[in-house]
Amino acid sequence: MKINAPDADPKTWDPALDAVVVAPDNHVVLHEDDFIRVLSVRLGPGEIEKPHHHHLPSIMVIDRGIKARDFDGVTHEEIKRPATSQGDPTLPIVVRLQPQSLHYFENLDTKSFHGIRIEFKKGFPKEKGSTAGASYGYEES
């Protein structure tokens, strides 16, 4: 099994460590076609995910936030994230993400996390408002 180095090309990352394959209880495919894969991402109170990667660029829509920690899946060191705001953020939160190498989250909260992750198989659409399958170009990921 190849380790997914953060500086390596995401296309070379081990498919056996894809989030849906290695952590199916946390990552459920809601829709998939030639352009996108849509995941429901869940993490229960106190739960720790199995190490996994996301080799595609994506948009994450968080509709139920939590207090959590993110860890590097190889070194198990905490990945420090910048604080976004003081107090409870206004939901939903929408985040544009580049491919994420091997990592895992720990839910430190007493409530569940939930988000929808839209992965773009051909990179992010170049034109604002474009839809998958349209004759728009895609950014390289």
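The values are calculated or read from the model by the stated rules, or taken from the named source; none is laboratory data. The structure displayed is predicted, hence computed values, not measured ones. Neighbour counts are summed over all protein chains in view; Cβ atoms, including those assigned to glycine, are modelled from backbone coordinates with ideal geometry.
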Condition check for His31: at positive phi and either surrounded by 11 or more Cβ atoms within 10 Å (Cβ to Cβ) or not small (Gly, Ala, Ser) (or both): no
Answer from Lys2, Lys50 - the residue that is at pLDDT 95 or above, out of contact with any Lys or Arg (no Cβ under 8 Å at 6 or more places or on another chain) and part of a loop (DSSP other than H, G, I, E, B): Lys50
If you go through the stretch 100-124, how many residues are of a type in the set (Asp, Glu) and farther than 14 Å from His54 by Cβ? 2
Return the residues of the stretch 45-57 that are touching a residue at least 60 places away in the same chain (Cβ under 8 Å) and buried (at least 22 other Cβ atoms within 10 Å of the Cβ); say none if nothing qualifies. His54, Leu56, Pro57
Only one residue in Val21, Val95, Val28 is more than 13 Å from the chain's Cα centre (by Cα) and not in a loop (DSSP other than H, G, I, E, B), so which one is that? Val21
Can you tell me which residue is nearest to Arg69 (Cα to Cα) among those in the stretch 31-44 that are assigned to a strand (DSSP E or B) and in contact (Cβ under 8 Å) with a residue 12 or more places away in the chain? Leu43
